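Asker: Below: one structure in structure tokens.
No value in this document is a laboratory result; all are computed from the given coordinates. What you are looking at is a predicted structure, and each value in this text was computed from that prediction instead of being measured. Quick reminder, even Gly has a Cβ in these numbers, built from the backbone with ideal geometry, and neighbours come from all protein chains shown.
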């Protein structure tokens, strides 16, 4: 199956999670947005999609998580 990519970036005073340009969540902190994006990407990976999460890192995007690496942040469980 195809690639599903989530983006986490600052939008004003909040952090936004998007996928294919559509807002998927708004969060007060980058950590909360990243955790949310990882859960969504993990679910898509479990459905046999290539899935990853990109995070705004200064002036560029950085790969923060990939289903291929398949490790959830501490304290999170796969659904």
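Asker: Give me the number: length gained by fully extending residue 59 to residue 22, i.e. 0.36 nm times residue separation minus the C-alpha to C-alpha distance, one decimal in nm.
Answerer: The span from residue 59 to residue 22 would gain 11.2 nm if fully extended.
Asker: Let me ask something else about it. Quick one: of the DSSP bridges fully inside segment 3-66, what percent are antiparallel, nearest 5?
Answerer: Antiparallel bridges: around 75 percent, rounded to the nearest 5.
Asker: At 20 °C and 1.002 mPa s, what whole-number value in µm²/s does Stokes-Einstein give for the translational diffusion of segment 3-66, with Rh from the Kirkwood sum over Cα pairs?
Answerer: Translational diffusion coefficient: 188 µm²/s.
Asker: Fewest to most neighbouring Cβ within 10 Å: what's the order for 49, 67, 6?
Answerer: Lowest count first: 49, 67, 6.
Asker: How high is the relative contact order of the chain? Use alpha-carbon pairs under 8 Å, at least six apart in sequence, and give a whole percent.
Answerer: RCO, the chain: 29 percent.
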